[in-house]
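Student: Attaching a single structure in structure tokens format; questions to follow.
The values are calculated or read from the model by the stated rules, or taken from the named source; none is laboratory data. Values in this document were obtained by computation on a predicted structure and should not be read as measured data. Cβ atoms come from the backbone with ideal geometry, glycine included; neighbour counts cover every protein chain shown.
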Amino acid sequence: MSRLKSIREQQHLTQQELSERSGVSVRTIQRIESGTDPKGQTLKMLISSLQVKEEALVERPSEGTKPVNQTLVKLINFSSLPVTIFPPANILLPLVIMFFAKKFNPLTRQIVSLQIFWSICAFIIFMLFNFMKNSFGWSNDLTLVMMIVLVLSNVIIILVNAAEIDKNQRLRIKLNFSII
């Protein structure tokens with residue numbers, strides 16, 4: 001049964017009543033109920049008239065909905081782990097694997113984008129810390145502590161995302177944008 005038909009029946013509406021309420025023709029409602037995804041203005045009108053979210057009517061493809069080679073995605077994610085101490089490598093190694101495996105899907109792109117973003121942020125934080133350390137006369141031991149904290153933060157990101165990839169085929173920690 002289609003999502004639209006299920007929602008329409010839950011609200012005790014006929015196709016004609018939904019058509020009158022939404023302004024969408026009965027024929028269009030029939031097409032949607034037979035398997036066509038609503039788009040554009042039709043989707044907006046149905047969402048508004050049924051007072052549901054878009055996800056209730058249309059299943060949008062997400063990072064994990066397409067069949068993905070989960071082993072390869074985990075390999076791309078874990079490939080950053082051995083080189084977390086040297087930030088450029090934690091970007092290059094996953095990119096090389098993606099390139100040779102030809103796996104440029106949204107999930108793998110997000111993994112690399114996250115590593116790029118983390119590397120930039122880690123560099124900025126490290127430089128600001130060193131500037132502050134010199135300005136305030138802090139001990140050199142704090143530099144080592146800061147490096148360890150930065151590396152551990154990346155290790156935690158990688159491990160948390162690995163667990164989520166294994167469980168739900170998506171990332172738990174991700175960006176709302178893609179750098180690549």
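Student: Can you tell me which of (1) surrounded by fewer than 17 Cβ atoms within 10 Å (Cβ to Cβ); (2) out of contact with any Leu (no Cβ under 6 Å at 6 or more places or on another chain) is the one I111 doesn't meet?
Tutor: Tallying (1) surrounded by fewer than 17 Cβ atoms within 10 Å (Cβ to Cβ); (2) out of contact with any Leu (no Cβ under 6 Å at 6 or more places or on another chain), I111 fails exactly one: (1).
Student: Could you please give the count of residues in segment 13-51 that are at pLDDT 90 or above and outside any helix (DSSP H, G or I)?
Tutor: Looking only at that region, the number is 6.
Student: With under 15 Å from V73 (Cβ atoms), at pLDDT 85 or above and not acidic (D, E) as the only criterion, which of V155, V112 stands out?
Tutor: Values: V155 fails: under 15 Å from V73 (Cβ atoms).
Testing whether each residue is under 15 Å from V73 (Cβ atoms), at pLDDT 85 or above and not acidic (D, E) leaves just V112.
Student: So for segment 98-105 (the condition being in a helix (DSSP H, G or I), touching a residue at least 24 places away in the same chain (Cβ under 8 Å) and surrounded by 14 or more Cβ atoms within 10 Å (Cβ to Cβ)), does at least one residue qualify? Please lay out each step first, then the result.
Tutor: Narrowing segment 98-105 to residues in a helix (DSSP H, G or I): 98-101.
Still in the list and also touching a residue at least 24 places away in the same chain (Cβ under 8 Å): 101.
Now restrict to residues that are surrounded by 14 or more Cβ atoms within 10 Å (Cβ to Cβ): 101.
The answer is yes, given that some residue of segment 98-105 is in a helix (DSSP H, G or I), touching a residue at least 24 places away in the same chain (Cβ under 8 Å) and surrounded by 14 or more Cβ atoms within 10 Å (Cβ to Cβ).
Student: Yes or no: segment 120-139 includes at least one residue that is in contact with a helix residue (DSSP H, G or I) (Cβ under 6 Å, 6 or more places away or on another chain) and either under 30 Å from Q10 (Cβ atoms) or among the polar types (S, T, N, Q) (or both).
Tutor: Checked segment 120-139: no residue is in contact with a helix residue (DSSP H, G or I) (Cβ under 6 Å, 6 or more places away or on another chain) and either under 30 Å from Q10 (Cβ atoms) or among the polar types (S, T, N, Q) (or both).
Student: Could you list all residues from segment 129-147 that are within 30 Å of I76 (Cα to Cα), surrounded by 11 or more Cβ atoms within 10 Å (Cβ to Cβ) and either without any contact (Cβ under 8 Å) to a residue 12 or more places away in the chain or small (G, A, S) (or both)?
Tutor: Passing the criteria: only V145.
Student: Now for a separate question. Among the listed residues A122, A101, identify the single one that is among the small types (G, A, S), in contact with a Leu (Cβ under 6 Å, 6 or more places away or on another chain) and farther than 26 Å from Q169 by Cα. Even if it seems obvious, please write down each step before you answer.
Tutor: Details: A101 fails: farther than 26 Å from Q169 by Cα.
Residue meeting the stated conditions: A122.
Student: Also: Looking at T42, is it on the phi < 0 side of the Ramachandran plot, hydroxyl-bearing (S, T, Y) and either crowded, with 16+ Cβ neighbours inside 10 Å or in contact with a Leu (Cβ under 9 Å, 6 or more places away or on another chain) (or both)? Even if it seems obvious, please write down each step before you answer.
Tutor: Numbers: on the phi < 0 side of the Ramachandran plot: yes; hydroxyl-bearing (S, T, Y): yes; either crowded, with 16+ Cβ neighbours inside 10 Å or in contact with a Leu (Cβ under 9 Å, 6 or more places away or on another chain) (or both): yes.
When the stated conditions are applied, T42 passes them.
Yes or no, residue by residue, for (1) among the β-branched types (V, I, T); (2) closer than 24 Å to N176 by Cβ; (3) at pLDDT 90 or above:
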| position | (1), (2), (3) |
| --- | --- |
| K103 | no, yes, no |
| T108 | yes, yes, no |
| F131 | no, no, no |
| S135 | no, no, no |
| W138 | no, no, no |
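Student: Quick one: which of K102, K133, K167, K174 is basic (K, R) and at positive phi? Spell out the reasoning first.
Tutor: Values: K133 fails: at positive phi; K167 fails: at positive phi; K174 fails: at positive phi.
On inspection, the qualifying residue turns out to be K102.
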